[in-house]
Structure formats: C-alpha cells, structure tokens
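Here's the structure we're looking at; comments come further down.
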Amino acid sequence: MDALNQRALQRLILTVEANAQSLELLIAVCDDRNFQMAMIEAYEAELRQQGIGTFRARLNPEQPSLRASLEALVAQEPGLRSGERAVVTVLNAEALLGVKLLNEEKTEQEKFFFSLQWTREALRRFEFAVVLWVPDGMATRLGQKAPDFWSWRGGVFEFVAPARVPAEGGQFAMTAPNATERPAGALSKADLQRQIEGLEESAPQSSLLITLYKNLGKAYEREYAYGKALVLYEKALALAKAKNNLAGQARSLKNLGDSVRYSGRPLQAIKYYEQGLEIYREIDDHDGEAVSFNNLGNAYHSLGQYERAIDFHQQSLAITREIGDRNDEAASLGNLGIAYDSLGQYQRAIDFHQQSLEIAREIGDHNGEANSLGNLGNAYYSLGQYQRAIDFHQQCLEIAPEIGDRRGEANAHLNKGSALARIDQKWEARSSYEAAKALYGSLELEEKVEKCDQAIRDLGQMIV
C-alpha cells in the first residue's frame, strides 16, 4: 500500500474509533472493487482488535435506500441495538444503475440520491459509525444531488488502487484481469469506442451504429459492467426506432432484457423480453421468437416461478425443433433440466441435461458441453450421488479452461469442493474451494468470493 492509501486508511480507522457509539456518516471512494475489499478487510481487522464490532449491509437495487438497508441489518443483529461500539460498512452502490429501466420514472441512482437527501433525520437513531463505499463518479454526484446529506458527512476517504504490473509469465501480480477473453476476431473496447465516436460525429444516423453499440455493450457484459452495457443498448434501441428497423429494435430489447436480468432485475427483464417477442412475431423471425421464450423462462425461473418457466422453455423447445436449430434446442433442454432440478425432480432434470449434452457433443459446442456436465454434476449431487457428481464436475473442468470460461471453471471447482466435502475428502475439498475463490476474485465477483470463504471456514471446523 502506498503512503496516500495508508494515510487514508489510518484516518478512517481513527475516525471510526472516535465515533463508534454515535452516528457518523463516512464516505469511502474507490473504483476498484478488489482494492476496496482489501481496504475493508484491513480496517475491520484493526477495529475488531479495538473491541469495535464490524458489520456489513448491502444496498438493494429494488429499494436503494441507506435507511432501509441499515434498518434491515439492525433487525438481524442484536449487537447493533445494544449500544456497543460498532461500524457498518455499506456496499453495492456501484451496482445501482444510472439509466432508466422500462416504465421507471427514475434511475436507481436517482432514487438513491433522493432517499439520502430526505433521510438525514431518520438516521439519527442509529448509534454507530457508517462507512458508505461509492465509486468516484457517484461521489461527485452525491454532493450535487444530495447536498444536505453531503454536508452532514463526517469525512471523505479516497482510495486509489495501485497499477497492476505484469509478473513473470504475463500474469498480473495483484490480481488477474477482470474480463473474460473477448471472442476471436472481435474488436477491443477502445477500437469500438473510436469507431462509434467517429460515426457519431460524421454520420450519426448510420445503421452501423446499431451494431457497434451492441458489440460494445456485449464487451462490457463480458466484464459484468451491465450498467455501461445498458446505456449502449438504449442508444441502439433509440436509433433502431428512428430508422424503423424492427429487427434492430427486437435485438436491442433482447439485449436490454439480458443486462437487467444479469443485474438481478428479472421483472424488468420480462417487460423487455415481451416487447421483443411481439416484434419477432411481427417480422416472422422464429429463431428470435424461440430465444425470447427461452429468456422469459429464465426470468421467471429467477423469480422462483418454475412451472411458468417450464412452460416458456417448452414453447422454445417446440420452435427450435421445428426450425432445426440444434444450438437453441440444446439450450432449451438444459433450461428445462435446471427448472426441474429447482422443483426437486432430479431424475427428470438429469434426462433433460443428458439430452442437452448429447446435442452439444454432436454439434461440437464445447461451451454447451461444459454447461451440461456441470448441470449433471449438480443434479447428481442433489440425489446424494456425490462421487458421480465429482466425475461430472471434473469433466467440466477439463473443458472450461480450454474455452476461456473462467466463471464456469470457478463454478465447477466450487461444486466439486462441495461434493468432496460430502465424502470426507476435506483437504481435496479445500483445494477446490481455494481454486474457485481465486477465479471468482479475478472476475471481481465478491459475493462468490465470500461464499468460498464461508465454505472454507465451515470446512476448517469439520477438519478440527
């Protein structure tokens, strides 16, 4: 840690120590989530040694309110109601979207700023320090959009992640890059951005911009930067509407639905998918229709409505078989397997996953093959057939690294570790958990990293 970050960290620790029994609102600013987590772990460890309780709360995108997040945490943690010295770290501000979703009057960020501006007095009853972590751009907007809250802050602490320097073998010494590899032949984000800027200046109504917005959006999706992807898909949709390009509109609506679903907003995703489906039917695009049904099934699955999800996946399966689309047929079969697994009908799930696996191998779809193997492993785990589950996850691990699927590789390690723990191979399980944690960390998936840490802690208690 360099001197500036060290000083910011020590100032934060001293401020919390002096205000751990009264409300103190502190703003911590950092754009790198891995470095942010390192700073949080550092000050929490120091404060615990001083007898100060450390707690974490996460902002809910559906109700982006600091007060609501703190109230929910206090209800769960008796220590925060007892008047003991404590600090609450508030996370997830960077996940709040800065674009308006369909039929929404305000963006999630605007809702958050509005709640902060009018919530100061309601926060007075919390007798502990609060550290709100925000990215740099949001910190600037905080002062503009919630000036009353901003004026009440007890301090602003800025952290800048050190530059990541390649170590031997071309790997990054601090952490691996957070993006999955882009498809072969795809332009880099910088190249796409340059092309977009050139066309926006010289030919702002060019239909090529629709494709470029989509491609850059997909590049951001591969980095899990869904908010940035949404902005680009909105631009693509607006231009497609201006050009009366129905196919472009349908694709943009599908992409918007995907991004909001990946961001944990399945209800909004359904609205986009339904609009896209109407257009696909209007232009008689059966492939797009099948994809829409599949995506609607996935969205309803996220809502826990598994029977409804099955209905949509069945409709997708019927179309894919009618038009001979083997890729989407395999996807529909796999999604049906996942839905039946969620219903506890594991043998039926296995049947669908096996069919999906056979098609993936037949058409040479290695990504689909890896997914099917992982799903089979999960189903056999649910049946209590742990060794068979391990075998399938190991087969997945032989494919995922070759195709550059680091998230799939991490999932396979985590699931394999769970199965190994079940058959008392605890040291092997720990090795799998550690491998999963490293991969999730490289992708900046903090919740997954925390899940691995918890699995390792639980395993340590079993070993002792």
* Structure fact -> Here FRET efficiency (C-beta to C-beta, residue 49 to residue 104, R₀ 41 Å, nearest 0.05) is 0.40
* To do: Grab the Cα-Cα distance for residue 242 and residue 3, subtract it from 0.36 nm times how many residues apart they are, and report the gain in nm with one decimal.
  => 80.8 nm
* Structure fact -> About its Cα centre, the chain carries a charge dipole, from +1 on Lys and Arg Cβ atoms and -1 on Asp and Glu Cβ atoms, whose size in debye to the nearest 20 is 1040 debye
* Two-decimal log10 I(q)/I(0) for the range 310-369, as the Debye equation yields it once each C-alpha is a single scatterer, q = 0.19 Å⁻¹ -> -0.61
* To do: Determine the percent antiparallel among the DSSP beta bridges restricted to the chain, to the nearest 5.
  => 10 percent
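Can you tell me the length gained on complete extension of the stretch residue 17 to residue 207, counting 0.36 nm per residue apart and subtracting the Cα distance?
Details: separation 190, 0.36 × 190 = 68.40 nm, distance 5.79 nm.
Working it through step by step, the gained length comes to 62.6 nm.
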* Structure fact -> Bridge orientation stat for the range 12-161 from DSSP, antiparallel percent rounded to 5, came to 5 percent
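Return a whole-number percent for the relative contact order of the chain, with Cα pairs under 8 Å and 6 or more residues apart as the contact set.
Relative contact order comes out at 10 percent.
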* To do: Provide 437, 451 ordered by accessible surface of protein heavy atoms (probe 1.4 Å), highest first.
  => 451, 437
* Can you give the Rg and Dmax of the range 199-292 based on its C-alpha atoms, in angstrom? -> 12.9, 38
* **Once the Cα gyration tensor of the range 350-452 is diagonalised, semi-axes √(5λ) in Å** => 22, 18, 10
* Structure fact -> Long-range share for the range 220-342, i.e. C-alpha pairs more than 24 Å apart as a percent of all pairs, stands at 26 percent
* Global form of the range 414-464, assessed from the alpha-carbon gyration tensor, a/c cut-off 1.5 -> prolate
* Please state the equivalent ellipsoid semi-axes for the range 343-386: what are the square roots of 5 times the Cα gyration tensor eigenvalues, largest first, in whole Å? -> 20, 10, 6
* Asked: Ordered by packing density, taken as the mean number of other Cβ atoms within 10 Å over each peptide's residues, highest first, how do 250-259, 139-148, 306-315 rank?
  -> 250-259, 306-315, 139-148
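Expressed as a whole percentage, what fraction of the accessible surface of the chain belongs to carbon and sulfur atoms when a 1.4 Å probe is rolled over the protein heavy atoms? Kindly include the intermediate steps, with their values, before the conclusion.
Working: 10080 of 21850 Å².
The nonpolar share, carbon plus sulfur, comes to 46 percent.
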* **Volume in Å³ per residue [convex hull over Cα atoms, computed for the chain]** => 175 Å³
* Structure fact -> Contact order relative to length for the range 239-291, counting C-alpha pairs under 8 Å separated by 6 or more residues, stands in percent at 33 percent
* Asked: Which order do 85, 321, 265 take when ranked by solvent-accessible area (1.4 Å probe, heavy atoms of all protein chains), largest first?
  -> 321, 85, 265
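Can you give me the accessible area per residue for the range 306-464, using a 1.4 Å probe, in Å²? Mind dumping the intermediate values first?
On the way: 7420 Å² over 159 residues.
About 47 Å² of surface per residue is accessible.
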* Structure fact -> The distance between the Cα centres of the range 378-428 and the range 36-107, in whole Å, is 33 Å
* **Accessible area (Å², per residue) of the range 42-104, counting only protein heavy atoms and a probe of 1.4 Å** => 46 Å²
* Structure fact -> With every protein chain in place, the accessible area of residue 232 for a 1.4 Å probe, in Å² rounded to the nearest 10, comes to 20 Å²
* Return, for the Cα atoms of the range 33-171, the radius of gyration and Dmax in Å, separated by a comma. => 16.7, 55
* **Net lengthening on full extension, residue 222/residue 193 (0.36 nm per residue, minus Cα-Cα)** => 8.9 nm
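The values are calculated or read from the model by the stated rules, or taken from the named source; none is laboratory data. Keep in mind it's a predicted model, so treat the numbers as computed, not measured. Counting neighbours? That spans all protein chains shown, and the Cβs are built from the backbone with ideal geometry, glycine included. Side chains included, ligands, DNA and RNA excluded: accessible areas come from the protein's heavy atoms. Shrake-Rupley method; radii C 1.70, N 1.55, O 1.52, S 1.80 Å.
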